[in-house]
DNA sequence: AATGAATGAGCGTTCATTCAT
DNA sequence: CATGAATGAACGCTCATTCAT
């Protein structure tokens, strides 16, 4: 990795941590450069604007998440266990010291409606996640019809999102457990 | 209602509309006073700070919501229908022209973690809503034990929150339908 | 004059002096507020942008100029003397300690071509000056036909502008004398 | 021409075009290197500072102008025609697509008074032009005394400068025609 | 009770220039 | 001889809040 990429990535990492911890609008460029130990103009030679940093942050976070949840689910035995794993994944996720909810949900509350770039980015991130869930359903529920797979996938996605958000809001793990309970009922009941 | 209260409420209404539409940090005091047609110092004679306005906005919104959803559920026949109504309520809610998701979720992303006042307010709002759901379950599912009532109530609350957030994020009603589907399965399956 | 207008005018005066002495792009907002002894936000409550200050400066300068040159020419006996006075006016003007050429010419070099507002302002200022010269010619040369008045007016304007600019560029009064000489030849030769 | 000079001249050409079109302060070093296709440090190995580029630009422009106007005037028959040619030269000059007035006048508005180097350069450019005009007068008006030659030369210079500036400011050719008219009157009237 | 002019701290961004390679 | 990543200082501008009236 060359010098430029290293600096660039250091900036993204710093910005990610700060944005995720404090929120996009509450973190100024000055805090980012101070934490990164770089000059302001250096930051702006790597990113055209603060908004571009936000996009990079959303990318970084989502790629890491997808990688981790894929690994987590793969480690479970195939079948219902892999579907339940999607929600179980949230338990260690929630327990991380720096857990602060969903970056997409939090970011979308911080940018104006007109900001198409950011909102498109967030939607495509969520779309990628839904695609992952759908494929997981297809792999583990091959016996279901396409429409039923789609429906189950949507339900699983919804339970994931609700559990993620509420565990953050309540500062407690019970929403994750509740989601898991609902899913298990669903899977066994049919 | 005296003059003071009238002015005060006009400010709250204006601020509520603007905060909900654009977001707390993206609306400045100037926009609020301009829209309200009052002087800056008048605003500060009614509210000590912008934060106090935020608290009033969260209060206003939640009181209205609780009133509406209570009325909506009461209009349904007792039993499962009233529980399902909690989620069905979201359909006209989502279809409102100015629908912009959950004010609590959006606001919590905009204030720093240290802001105890706002975060406490939001939690107590959500707590009140959970209490409403719990009481609705208790009324309509008297045959269940307390623990089962609590559990069902949590599930219903979770489905409500997930559907609300996701219908906003996706800009579509399907998450509401999916939630309703999940609930119906649950109610019938047992 | 109320408080607001006083502050406003103090800002314009300060900005005018600084812009005229150093140039628009070389003077920062910070220098203007420091010299004015006001806060930055105060300036921005009176002027939306630095560009608006530039427009006010161009206005201020031109109004003063027109007032002064009108008074100067009126003080001369009617006839050729009033026309020659247009150029003679430049002598004390040039000798002013803070003389720094034509603010319009200098400003137009400092704003991008796309800046329609400023360029329109400058053109309309110059147009007003040409109108003044034309009316002076009409008053003092009523025997000439309209077309000849127009032509003479253009020539006088051109000599004025050339003398003003070159006396500044050369740092000497000879261009003014040369212009006066040319005009006198012209007036006597016919 | 060796490699170094080639690069150097490419930079000057690019900078000249950009400075003349947009203005010295409105063009950044980055635009120059991007347009030139060279690296930033390469530019700084050829020119100590942006100011040195400005000096080279003023040089380049003036040398080209003197060469062109000399050729233009030489092409006319000797006598008054060559003097009038000085002003007639402005017509095709004005009509050039990239015409943007006098680089000296525009540049002097962009550098601080203290900048002796640039101001000296501009004055010496203008002095060289005045010398050219004087020699043209001496060649074509040998019958005049030295003082009268000097005076006529100054008048011609003034008309040239006024016409150049005003044709730019007004975006019209009439100031050139007016100048020519004044000059012809002058030459014929005596 | 209500005003609106004034504030200080901070914002995101750009600049000409330098230095290690 | 040429590079491009990095810099510190300054830019124009906005914010929530206060104070004299």
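The tail of the calculated P(r) for region A:57-141 beyond 22 Å holds 32 percent of all Cα-Cα pairs.
Using equal-weight Cα scatterers in the Debye expression, the normalised intensity of region D:48-190 in log10 at q = 0.13, 0.17, 0.22 Å⁻¹ is -0.60, -0.98, -1.43. What separates the residue B:135 label point from its copies, with the point 7 Å along Cα to Cβ, is 4.8, 7.9, 10.2 nm, written shortest first.
Shown for residue D:80: label points 7 Å from Cα along the beta-carbon vector, and their distances to the equivalent points in the other copies, 2.1, 11.0, 11.1 nm in ascending order. Once the Cα atoms are used to define both axes, helix A:174-189 deviates from the longest principal axis of chain A by about 30 degrees. Using a cutoff of 8 angstrom between alpha carbon atoms and counting only pairs six or more residues apart, the relative contact order for region C:125-190 works out to 24 percent. Along its first, second and third principal axes, ordered by size, region A:136-190 spans 38, 18, 14 Å in Cα coordinates. In angstrom, the C-alpha Rg and Dmax of region B:1-131 are 16.4, 52.
Note on chain A: with a GNM built from Cα contacts shorter than 10 Å, the maximum mean-square fluctuation among A:35, A:51, A:114 falls on A:114. Counting other Cβ atoms within 10 Å as a rough exposure proxy, the listed residues B:8, C:106, B:70 run B:70, B:8, C:106 from fewest neighbours to most. D for region C:1-74, whole µm²/s, Stokes-Einstein with Kirkwood Rh over alpha-carbon pairs at 4 °C and 1.567 mPa s: what number? This corresponds to a translational diffusion coefficient of 101 µm²/s. Of B:169, B:53, B:66, the residue with the greatest mean-square motion in the GNM of chain B, using alpha carbon springs below 10 Å, is B:169. Helix-only mean residue ellipticity at 222 nm, chain B, DSSP H runs n ≥ 4 weighted -39,500 (n - 2.57), per residue, nearest 500. What is it? -25000 deg cm²/dmol, from helical runs alone.
Ignoring solvent entirely, what values of log10 I(q)/I(0) come out of the Debye formula for the protein assembly as shown at 0.05, 0.07, 0.09, 0.11 Å⁻¹ when each Cα is a single scatterer? Here the Debye-derived log intensity ratios amount to -0.46, -0.73, -0.92, -1.14.
Quick check: the angle from helix C:50-74's long axis to the longest principal axis of chain C, C-alpha only, nearest 10 degrees? Around 30 degrees separate the two axes. Here region C:43-99 yields Rg over Rh of 1.18, to two decimals, using C-alpha coordinates and the Kirkwood radius.
For residue A:128 and residue B:135, FRET efficiency with R0 = 41 Å and r from the beta-carbon atoms, rounded to 0.05? Given R0 = 41 Å and the Cβ-Cβ separation, E is 0.55.
Kirkwood analysis of the Cα pair distances in region B:95-152 returns a hydrodynamic radius of 13.6 Å. Measuring from each Cβ of chain C to the axis carrying C onto B, the nearest residue and its distance in whole Å come out as C:41, 3. Each copy carries residue C:148; placing its label point 7 Å along the C-beta direction from Cα gives inter-copy distances of 2.7, 10.5, 11.5 nm, listed from smallest up. Given Cα pairs under 8 Å that are at least 6 residues apart, what percent is the relative contact order of chain A? Here the relative contact order equals 22 percent.
Rounded to the nearest 10 degrees, the inclination of helix B:146-170 to the longest alpha-carbon principal axis of chain B is 60 degrees.
Where a number appears in this text, it was derived from the coordinates with a stated rule and is not lab data. As the structure is a computational prediction, the values presented were derived from the model and not from experiment. Cβ sites come from the backbone with ideal geometry, for glycine too, and all protein chains shown count toward neighbours.
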